[in-house]
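Structure first, then comments.
The values are calculated or read from the model by the stated rules, or taken from the named source; none is laboratory data. None of these values were measured; they are calculated from a predicted model. Reconstructed Cβ throughout: ideal geometry from the backbone, glycine too, with neighbour counts over all protein chains shown.
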Amino acid sequence: MKKMSVIVSSVLLSSSLVLSSLPTHANLPFSVDGQKIPSLAPMLEKVTPAVVLISVRGTHEVQQRNVPDAFKFFFGNPRQQNPARERPFQGLGSGVIINAEKGYIVTNNHVIKEADEIQITLKDGRQIDAKKIGADENSDIALLQVDAKDLKEVSIADSDKLRVGDFAVAIGSPFGLGQTVTSGIVSALGRSGLNADNFEDFIQTDAAINSGNSGGALINLRGDLIGINTAIIGPNGGNVGIGFAIPSNMVKNLVDQIIEFGEVRRGVLGVSGRSVTGEFAKAMELEAAQGAFVEQVAEDSAAQSAGIEAGDVITKVNGKKIKSFSELRGKIGSIGAGNEVKLTVIKTNGKEKTYPVILKKTETANVEPASIHRMLEGAELENNKGKGVMIRTVEDESPASMIGLRDGDIISGVNRKRVKNIAELRDYLKENTGISLLNIIRGNSHLYIRIR
């Protein structure tokens, strides 16, 4: 049998001699920070300190499996049918520091979900306890905060400018081995369909992503964040060159809402429909088999107010083409209520038109009480147009009720310092670990309520 020679090629070749003999259409990185070397090391030395290992501990309920009657004596009370049991768990993931001054770290919600203890490990070996500021399960994004000095942050790129074929580098801690860097390209954009209930608009990459990479960074060759690694497709959870990251623009939109409100205030467009396929495009006499076909527009919705009608095909969001209804849903789902979005549509007469649409609010959800103060637990909070923090409702017998807060109260300050929104309230209470006085506006009255 003849011996076969195998040539293995990587994204970045180490030999300048080999490079000079090949076409340069791939636009390989000959220069990083002005240094003419075909290496990503100088860039990575600046970026990798901003990527952290996340360790979590907690307990969750699990159902006992069915046990034959003859053996139920050994598994507790035979009268109990599949009782739930609390079981401890531990987990590992990754995170990215996006604001060194505030100590903000982005990760996936599934990394820290149900965690009672969250600890991050920096590249320099420091281990620091972290607290959860807020999370959004439907987009799988969570924001943590640590109190530490000399942190490094990563800058955030405009993911809307990504193209298929752009180089990408994944940084994380797969299998708990420690920080690992892999490289590849952007394989596809606007991927969805992994979970029908989620808001998905994934970047697909062939940079190796494995278990433990969740929440880690996907960066470009300038060292800017283009996505948060979140999912893989592969047998037995291993890498087969198909990984997915949440685009940085989507991450920034969601994190900005969590910082301001303590939660995601998702905007609603108010349409239902389907993706435009080849067969569908032919039946509707459309030129391109891409976009989101609008089957129905809800009454009094943002779409109706803007002039969008059933039969329209939405082809662009803020000037960026979309391929499917799922991609439309993912992009709209990360834009906060009250914000304007420009939608380009093909009308039933074949003409293209762009509509400015102000997204409407969904039902208000509770702010994470632990992210504000334990004595505000049970209070549903919302920003009051820059004039403070309004308490919408207070649960009976909750800590918030016990200190004297009522529905409709407005927190206008802490210790005589004015607060304009939930983010400022959180920061002031974090700085004051002792007794704090909340300045409350109740109708035409002003009063102070003490919290410890």
_If Ile185 meets every condition in (1) over 21 Å from Asn99 (Cα atoms); (2) in the same structural domain as Asn239 (by TED's automatic domain parsing); (3) at pLDDT below 95 apart from one, which number is that one?_
(3)
*asked:* On the basis of being exposed (fewer than 15 other Cβ atoms within 10 Å of the Cβ), assigned to a helix (DSSP H, G or I) and not aliphatic (A, V, I, L, M), does Lys252 make the cut?
replied: no
_Any residue in region 321-349 that is surrounded by fewer than 21 Cβ atoms within 10 Å (Cβ to Cβ) sitting within a Cβ distance under 7 Å of a residue that is among the aliphatic types (A, V, I, L, M) and part of a loop (DSSP other than H, G, I, E, B)? List the pairs, counting only those 6 or more apart or interchain._
Ala337/Leu359; Gly338/Leu359; Asn339/Leu359; Val341/Ile335; Val341/Leu359
*Entirely in region 257-372, the helices (runs of 4 or more DSSP H) that have 3 or more residues that are farther than 30 Å from Arg163 by Cβ*: 302-306
_Residues of region 147-158 classified as crowded, with 20+ Cβ neighbours inside 10 Å and at pLDDT below 95, total_ = 0
*Residues of region 416-452 that turn out to be at pLDDT below 75 and in a loop (DSSP other than H, G, I, E, B), as a count*: 6
*Residue check, Asp256 acidic (Asp, Glu) and modelled with pLDDT of 90 or more*: yes
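Does any residue of region 183-201 turn out to be part of a strand (DSSP E or B) and farther than 29 Å from Ser39 by Cα?
Within region 183-201, one or more residues are part of a strand (DSSP E or B) and farther than 29 Å from Ser39 by Cα.
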*Where a residue in region 435-450 is within 12 Å of Ser412 (Cβ to Cβ) and assigned by TED's automatic domain parsing to the domain that holds Met390 and its partner, wherever it lies, is outside any strand (DSSP E or B) and modelled with pLDDT under 85, with Cβ under 6 Å and at least six apart*: Leu437/Asn415
_I'd like the full set of residues that are within 22 Å of Ile422 (Cβ to Cβ), part of a strand (DSSP E or B) and of a type in the set (Val, Ile, Thr), limited to region 98-135._
Ile98, Ile105, Val106, Thr107, Ile118, Ile133
*Does Ser139 count as at pLDDT below 95 and surrounded by 13 or more Cβ atoms within 10 Å (Cβ to Cβ)?*
yes
*Kindly check whether there is at least one residue in region 163-181 that is within 15 Å of Gly216 (Cα to Cα), part of a loop (DSSP other than H, G, I, E, B) and in contact with a strand residue (DSSP E or B) (Cβ under 6 Å, 6 or more places away or on another chain).*
yes
